[in-house]
Amino acid sequence: MDFQLTDDQRALQRGVWELLAGRFGRDALRAAVDHGGKVDRKLWRELGEAGFFSLRLPEEGGVGLGLPEAVLVFEEAGRALLNGPLVATHLAACGGLPGAADGTRVFTCATQLRGLVPHFADSDAVVDIHGTSMRVRYPKDLPSARSVRSMDPLTPLHRIPGGTPKAPPRPDAVLLTAAEQLGSAARTTETAVQYAKDRRQFGQPIGGFQAVKHLCAQMLVRTEVARAAVYAAAVTEDFAEIAGAKLLADEAAVRGARDCLQVYGGMGFTWEADVHLHLKRAWLRAQMWLTAAEAEEIQAEALASAL
Amino acid sequence: MDLTYTAEEEDFRARLREWLAVSLPKLPAKPGPLDWPGRRAYDTTWQRMLYDAGYGEVHWDAPPTQRLIFLEETELAGAPYVGANFVGLLHAGPTIAAEGTAEQRARWLPPVLRGDEVWCQGFSEPDAGSDLASLRTRAVRDGDSYVVTGSKIWTSHAEVADWCELLVRTDTEAPKHRGITWLAMPMDAPGITVRPLRTLAGSAEFAEMFLDEVRVPVADRVGRENDGWRVTMVTLSFERGTAFVGEVVACRRTLGELAAAARANGTWDDPVLRRRLGRLNAEFRALWRLTQWNVSESQMTGGVPGIGGSVFKLRYSHARQELYDTAAEVLGPDAFDLDREWTADRLSSLSYTIAAGTSQIQRNIVAERILGLPKGR
């Protein structure tokens, strides 16, 4: 048992981080906000070329890696607040839908958010995912879709009827969303800690005050517990463990963003600080695929079935 | 990232499991929760059985992965906890193994492993509390001995211990972290008075200790004079890093028993309670994964657990309290029956966010030493 990243996994993580730092830095992020979160097609194709969507396809035409590697990649996407239906397009690529693997087409999912569809208007197709089956529909097939004013400026939303999931969600979809939450939790922790070191009040950095220090420490604790859960679930692929990982990662991302906002004080409540973008996305992801109540029920069921 | 064990490790697990199945029924009846001399006898009997079967050194010299398997299997089988051997096996032992001389290791380690000698911890003092380094018990050099005067508190198992890992101040002029020395004190030395303290759980598991010119040979000092704070950090890294590991498995077992009880008495049908149990299941499962992560990391960096132990200890101590609060919900009014094991465990869980460094101190450690936030209060 060596439950640490391998050298190859570290290199992959670093590579994705460098790609996103160069291609989706602060200016690109704020430009995406100004464009209503619309998918940047050029960036999407670059992600496709980098293997973002084809990561788990066999080496003929894909990268040939597994769920742990995909988790590391989606964690970095969450850290960078990268927008677009990343998980849905990744799943479409796994399902062999043309144009998904190379990032030339954008796929969203109708069955992850109970009737609300992210990025409906700027996607090429909508995939209904029920367990292992997939059904593809096109925007023209869905004339009843109505735009919703989205709370998250990076995730435009439409409402379409019939988006209620009929089967348990795909485990990999749940886990990759949890991985994005983990990256977001790590980022808000780093951001809060940096701000606490820089910002001075009462003649000293606010990070010297225990009340602020303890907020930051709790952020790290939640992130590290969620990290162990998410990474382990990627290795075991056990559905109950994946549900538990989502539960803890949702909490780490949401609480982390809220605490980061608190550390930022009045600045945290402004549009200019990025922390609200993390919080709004974390709230949205917490509703995706598996809610806290559903994850808790799955865990309770696992407990009862072990008796 | 790999969570599978080697064939060799699985073989170790299978042999251990087999041995536990044969050996556990041979143990004498478990003494009551308040019978400390009885518990010393019981705990040391178990330690002797482990030693004779070749499992004595599993806490120190075995590869960390083997230690994990040992803790997992013994807890799952419902074997006794280290109990009265806690300080010897998990604090003083690893510290002496890491910092002691060859003579000291030969003198102190085998009796701990055989269950012949029990240790207690003389770190805390009445006026120091969480500010451990402000301790005032003094040791003055007199020839080949230190003459120790002062008092200690919260000394677990002091009444039944043979040795005490003792922190003393050997330089009163030096800054408070510099003038400290780590000594091994025999508990039968003249000048030691032990007064039991009764905990809110009704148990007398710890005590106050008064030291009046107690002579400790200079040869029984572990590490250099005035370098005791560094040695103490080694002890505390074991305390926070590994001492609670087996308990996580025990908590998972308790959670399973709790689910069975909830199904039997109908409280399982309450979705709020059921989800609370589900959340705890996710929590303890993740804590076990975090343990595996920390152990793998320490394996890479050479054995002594890192300060990741503080992250673990913080989360675990609160989760344990939540577990027994939830047990009380399942039990209903029966949670007031002191003869129910969960009732006693609920009371003792209250110490977890205080002992071995309070949650507030752990948060300071995480903030200052992992996140690099400025020191200050």
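The values are calculated or read from the model by the stated rules, or taken from the named source; none is laboratory data. Bear in mind the structure is a predicted one, so any value in this text is a computation, not a measurement. Virtual Cβ from ideal backbone geometry, glycine too; neighbours counted across all protein chains shown. Surface areas here come from the heavy atoms of the whole protein model, side chains and all, with no ligands, DNA or RNA. Shrake-Rupley method; radii C 1.70, N 1.55, O 1.52, S 1.80 Å.
Values for this structure:
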item: Scope the stretch A:235-258; condition within 7 Å of another protein chain (Cβ to nearest Cβ) and under 17 Å from the mean Cα position of the chain (by Cα); matching residues; result: A:244, A:247, A:248
item: Lone qualifier among A:217, A:304 - being crowded, with 24+ Cβ neighbours inside 10 Å, aliphatic (A, V, I, L, M), within 11 Å of another protein chain (Cβ to nearest Cβ) and more than 26 Å from residue A:68 (Cβ to Cβ); result: A:217
item: Pick from the stretch A:16-35, criterion open to solvent by less than 40 Å² (accessible area, probe 1.4 Å) and in contact (Cβ under 8 Å) with a residue 24 or more places away in the chain, ranking: nearest to the other protein chains (Cβ to nearest Cβ); result: A:16
item: Matching option when the condition is more than 15 Å from residue B:229 (Cα to Cα) and either buried (at least 20 other Cβ atoms within 10 Å of the Cβ) or in contact (Cβ under 8 Å) with a residue 40 or more places away in the chain (or both), among B:157, B:177, B:91; result: B:157
item: Number of the condition not met by residue A:144 [criteria: (1) among the polar types (S, T, N, Q); (2) surrounded by fewer than 19 Cβ atoms within 10 Å (Cβ to Cβ); (3) in contact with a strand residue (DSSP E or B) (Cβ under 6 Å, 6 or more places away or on another chain)]; result: (3)
item: Positions within the stretch B:260-279 being facing chain A (nearest Cβ under 7 Å) and either closer than 11 Å to residue B:331 by Cα or open to solvent by 50 Å² or more (accessible area, probe 1.4 Å) (or both), in sequence order; result: B:263, B:275, B:279
item: When residues of the stretch B:123-161 are limited to those that are touching a Pro at 6+ places or on another chain (Cβ under 7 Å) and not β-branched (Val, Ile, Thr), the one farthest from residue B:40 (Cα to Cα); result: B:144
item: Filter result for residue A:69 (within 14 Å of chain B (Cβ to nearest Cβ) and in contact with a Gly (Cβ under 7 Å, 6 or more places away or on another chain)); result: no
item: Scope the stretch A:53-82; condition at pLDDT below 95 and of a type in the set (Gly, Ala, Ser); matching residues; result: A:61, A:62, A:64
item: Which listed residue is in contact with a His (Cβ under 9 Å, 6 or more places away or on another chain), open to solvent by 50 Å² or more (accessible area, probe 1.4 Å) and either under 23 Å from residue A:298 (Cβ atoms) or within 12 Å of another protein chain (Cβ to nearest Cβ) (or both), from A:166, A:197; result: A:166
item: Residue within the stretch A:223-231 that is over 23 Å from the mean Cα position of the chain (by Cα) and surrounded by 24 or more Cβ atoms within 10 Å (Cβ to Cβ) present; result: no
item: Any pair with Cβ under 9 angstrom, 6 or more apart, that starts in the stretch B:1-16 at a residue that is more than 8 Å from chain A (Cβ to nearest Cβ) and ends at one that is charged (D, E, K, R) and not in a loop (DSSP other than H, G, I, E, B); result: B:13/B:72; B:13/B:73; B:16/B:73
item: Filter pass, residue B:70 being surrounded by 18 or more Cβ atoms within 10 Å (Cβ to Cβ), under 22 Å from the mean Cα position of the chain (by Cα) and either at pLDDT 90 or above or within 14 Å of chain A (Cβ to nearest Cβ) (or both); result: yes
item: Residues satisfying the stated conditions in the stretch B:281-290, i.e. facing another protein chain (nearest Cβ under 8 Å) and touching a Leu at 6+ places or on another chain (Cβ under 7 Å); result: B:281, B:282, B:286
item: Index of the failed condition, residue A:116 passing every other in (1) surrounded by fewer than 17 Cβ atoms within 10 Å (Cβ to Cβ); (2) farther than 20 Å from residue A:44 by Cα; result: (1)
item: Top-ranked residue of the stretch B:180-199 - restricted to ones that are farther than 21 Å from residue B:86 by Cα and open to solvent by 70 Å² or more (accessible area, probe 1.4 Å), ranked as nearest to the chain's Cα centre (by Cα); result: B:193
item: Identity of the residue in the stretch A:259-297, buried (at least 23 other Cβ atoms within 10 Å of the Cβ) and facing chain B (nearest Cβ under 8 Å), that ends up farthest from residue A:172 (Cα to Cα); result: A:296
item: Subset tally (residues that are in a helix (DSSP H, G or I) and open to solvent by less than 90 Å² (accessible area, probe 1.4 Å)) for the stretch B:19-32; result: 6
item: In the stretch A:130-140, the residues that are within 17 Å of residue A:161 (Cβ to Cβ) and open to solvent by less than 60 Å² (accessible area, probe 1.4 Å); result: A:130, A:137, A:139
item: Any hit, the stretch B:141-151, residues being touching a residue at least 12 places away in the same chain (Cβ under 8 Å), surrounded by fewer than 23 Cβ atoms within 10 Å (Cβ to Cβ) and closer than 30 Å to residue B:28 by Cα; result: no
item: Set B:35, B:11, B:2: member being surrounded by 11 or more Cβ atoms within 10 Å (Cβ to Cβ) and in contact with a Ser or Thr (Cβ under 9 Å, 6 or more places away or on another chain); result: B:2
item: Condition check for residue A:178: surrounded by 24 or more Cβ atoms within 10 Å (Cβ to Cβ) and either within 24 Å of the chain's Cα centre (by Cα) or under 24 Å from residue A:285 (Cβ atoms) (or both); result: yes
item: Identity of the residue in the stretch A:184-194, touching a Gly at 6+ places or on another chain (Cβ under 8 Å) and either open to solvent by 40 Å² or more (accessible area, probe 1.4 Å) or under 12 Å from residue B:374 (Cβ atoms) (or both), that ends up nearest to the other protein chains (Cβ to nearest Cβ); result: A:193
item: Hey, residue B:301 within 13 Å of chain A (Cβ to nearest Cβ), buried (at least 19 other Cβ atoms within 10 Å of the Cβ) and farther than 21 Å from residue B:154 by Cα or not; result: no
item: Failed criterion for residue A:122 (all others in (1) over 20 Å from residue A:183 (Cα atoms); (2) touching a residue at least 24 places away in the same chain (Cβ under 8 Å); (3) in a helix (DSSP H, G or I) hold); result: (3)
item: Count of the stretch A:6-15 residues which are surrounded by 16 or more Cβ atoms within 10 Å (Cβ to Cβ) and either closer than 30 Å to residue B:13 by Cα or of a type in the set (A, V, I, L, M) (or both); result: 2
item: Helices (runs of 4 or more DSSP H) (entirely within the stretch B:264-368) containing at least 2 residues that are touching a residue at least 24 places away in the same chain (Cβ under 8 Å), within 28 Å of residue A:301 (Cβ to Cβ) and among the aromatic types (Phe, Trp, Tyr); result: B:271-301, B:308-331
